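Peer 1: Below you'll find the structure I mean.
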Amino acid sequence: MEALIGVLPGDGIGPEVMAEALRVLKAIEKKYQHRFSYQEALIGGIAIDTHGDPFPDATRKLCADADAVLLGAVGGPKWSDPDAKIRPEQGLLAMRSSMGVFANLRPVQTHPALYASSPLRSERLHGVDILVVRELTGGAYFGRKERTPDSATDVCTYTRVEIERVLRMAGELARTRRRKITSVDKANVLETSRLWRSIATELYAREFPDVQLDHLYVDAAAMHLLSRAADFDVLVTENLFGDILTDEASMLTGSLGMLPSASLNAEKRGLYEPIHGSAPDIAGRGIANPCGTILSAAMLLRHSLGLEPEAQAIESAVIAAVEAGCRTADIALPGKVPVGTRAVGDAILQALGA
Ligand code: IPM
Ligand code: MN
């Protein structure tokens, strides 16, 4: 198959982890005889430096034209003055919004080879397989913002349409899994959550009677993710809650560096990115964990290009590399010397037989 992939390395460790993901995609092309073309564009801090705009027109155009977009990370101390008018993260949010990718899929799976890297005891990690579906283009991230020297406001708005479409996507995904959905909100306090909960109750009863629905307050969900993570199947929630819960959930897998994500619109055209940030403290040293980005490339093949065997081949190769002990510092075993970003890429390519 032929496809155009937009490549946005971004800031910090972004270019380093992206380089490994591209090597893996090229190996897949060769092995399975596909022809992908790659077009690179700027986003985030580097785009502010060169264009004065974190989401320049050329990048917007590429996102509109490409079959799928792979992103590294954005942001860094150079651009994070709290009083700055233009911030790298605005580029990321503008991109998500312009692509209409309202559903952000963040799979959280534990694996025995990584139990030792998690701060939690291994009996809590056994059999964890969660898909977090985070609403991505609404809520406080996109509401009206105001600031005076002594007060600040972030408006959180959700419409019925915004809630329904993400709940529906979560319902469809639950049907490919264990048919259990936990809808997470704060309906004891927030009006947006009360609307969310009543729509969830109504929509799942009507359209997904075969799916089991539970509701959970976000504070309780944060606790249950640590005490009984294996009980969850699909967890669906609004933008900010999903952001926070997935950083927390990443600790089940051993490291934030392991988690991929797919952001989809109604046509399943998507944006793919690791859930970690630009990690400025380790940028440029060749030691970042590329697995989150490589696994995001696997999700790209699965969700935007429909290449399931190819996606699975990458996922197996990542596990094989980790099992073989090829691990960056964030997941290194005690007493073992961590390897660099490139070496992880090499081990994954080897496991792919490429
Ligand atoms: C994420 C990140 C972003 C978010 C930041 C960089 C704006 O934390 O993708 O989870 O909050 O959505
Ligand atoms: Mn986040």
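Peer 1: Looking at Leu225, Leu195, which is the one that is under 15 Å from Val108 (Cβ atoms) and not assigned by TED's automatic domain parsing to the domain that holds Ala266?
Peer 2: Leu225
Peer 1: Still on this model: Can you give me the ranges of the strands (runs of 3 or more DSSP E) entirely in region 226-310 with at least 2 residues that are away from ligand 2 (no atom under 16 Å from the Cβ)?
Peer 2: Working: elements: 234-237, 262-264, 270-272.
In region 226-310, 234-237 are the strands (runs of 3 or more DSSP E) which contain 2 or more residues that are away from ligand 2 (no atom under 16 Å from the Cβ).
Peer 1: Is it true that some residue in region 230-238 is more than 16 Å from ligand 1 (Cβ to nearest atom), in the same structural domain as Tyr158 (by TED's automatic domain parsing) and among the aromatic types (Phe, Trp, Tyr)?
Peer 2: Looking through region 230-238, at least one residue is more than 16 Å from ligand 1 (Cβ to nearest atom), in the same structural domain as Tyr158 (by TED's automatic domain parsing) and among the aromatic types (Phe, Trp, Tyr).
Peer 1: Right, next: Of these, Gly127, Gly75, Gly91, Gly138, which one is within 16 Å of ligand 1 (Cβ to nearest atom) and assigned by TED's automatic domain parsing to the domain that holds Leu167?
Peer 2: Testing whether each residue is within 16 Å of ligand 1 (Cβ to nearest atom) and assigned by TED's automatic domain parsing to the domain that holds Leu167 leaves just Gly138.
Peer 1: Let me ask another. Can you confirm whether region 17-25 contains a residue that is within 17 Å of the chain's Cα centre (by Cα), among the small types (Gly, Ala, Ser) and assigned to a strand (DSSP E or B)?
Peer 2: no
Peer 1: Next question. Can you say whether Leu213 is part of a strand (DSSP E or B), aliphatic (A, V, I, L, M) and open to solvent by 40 Å² or more (accessible area, probe 1.4 Å), as far as the supplied structure shows?
Peer 2: Judged against the criteria, Leu213 is a match.
Peer 1: Please go through region 305-328 and pick out each residue that is more than 21 Å from Ile5 (Cα to Cα) and surrounded by fewer than 16 Cβ atoms within 10 Å (Cβ to Cβ).
Peer 2: Answer for region 305-328, where residues must be more than 21 Å from Ile5 (Cα to Cα) and surrounded by fewer than 16 Cβ atoms within 10 Å (Cβ to Cβ): Ser316, Glu323, Ala324, Gly325.
Peer 1: Another question, then. For Ala187, only one of the following conditions fails: (1) within 30 Å of Arg302 (Cα to Cα); (2) hydrophobic (A, V, I, L, M, F, W, C); (3) touching a helix residue (DSSP H, G or I) at 6+ places or on another chain (Cβ under 8 Å). What is its number?
Peer 2: If we test Ala187 against (1) within 30 Å of Arg302 (Cα to Cα); (2) hydrophobic (A, V, I, L, M, F, W, C); (3) touching a helix residue (DSSP H, G or I) at 6+ places or on another chain (Cβ under 8 Å), just (1) comes out false.
Peer 1: Would a scan of region 273-283 turn up a residue that is surrounded by 17 or more Cβ atoms within 10 Å (Cβ to Cβ), more than 14 Å from ligand 1 (Cβ to nearest atom) and at pLDDT 95 or above?
Peer 2: Yes, region 273-283 contains at least one residue that is surrounded by 17 or more Cβ atoms within 10 Å (Cβ to Cβ), more than 14 Å from ligand 1 (Cβ to nearest atom) and at pLDDT 95 or above.
The values are calculated or read from the model by the stated rules, or taken from the named source; none is laboratory data. The structure presented is a predicted model; accordingly, all values stated were derived computationally and were not measured. Every residue, glycine among them, receives a Cβ derived from its backbone with ideal geometry; neighbour counts consider all protein chains shown. Quick note on the areas: whole protein, heavy atoms, side chains included, nothing else; ligands and nucleic acids left out. Shrake-Rupley method; radii C 1.70, N 1.55, O 1.52, S 1.80 Å.
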